[in-house]
Amino acid sequence: MGSPTAPRWIVCARCGTAFDCGLSADCWCAAEPYRLPMTKALIEDCLCPECLRNAAGALTESRRNAERGG
């Protein structure tokens, strides 16, 4: 069995905040209901927890508006 992967420190593609990425199911984002790819996924790397939650909220709102025809 291999050893756990050490977290990598990356910078949020949207706000520039440094945070760690577990690169596995142990990463903080594994517990989030939304994951990449999301909006702009083809040009963005990982997002920090706050930006991921904000992006998920904006995507949810956009989908609601589209369903209402707005």
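Taking the criterion of being free of Cβ contacts under 8 Å to residues at least 24 places away in the same chain and outside any loop (DSSP other than H, G, I, E, B), the residues of the range 55-70 that qualify are G57, A58, T60, E61, S62, R63, R64, N65, A66, E67. Here the range 48-70 is the region considered, the condition is being of a type in the set (D, E, K, R) and at pLDDT 85 or above, and the residue that is least open to solvent (accessible area, probe 1.4 Å) is E61. On the basis of being of a type in the set (S, T, Y), surrounded by 12 or more Cβ atoms within 10 Å (Cβ to Cβ) and either at pLDDT below 85 or under 10 Å from the mean Cα position of the chain (by Cα) (or both), does T5 make the cut? The answer is yes for T5.
Among residues of the range 26-47 being of a type in the set (A, V, I, L, M) and modelled with pLDDT of 70 or more, the one that is most open to solvent (accessible area, probe 1.4 Å) is A31.
The values are calculated or read from the model by the stated rules, or taken from the named source; none is laboratory data. Just so it is clear, the model here is predicted, and its values are computed rather than measured. A quick note on method: Cβ atoms are made from the backbone with ideal geometry, for glycine too, and the neighbour counts reach across all protein chains shown. What goes into the accessible areas is simple: the full protein's heavy atoms, side chains included, and nothing from ligands, DNA or RNA. Shrake-Rupley method; radii C 1.70, N 1.55, O 1.52, S 1.80 Å.
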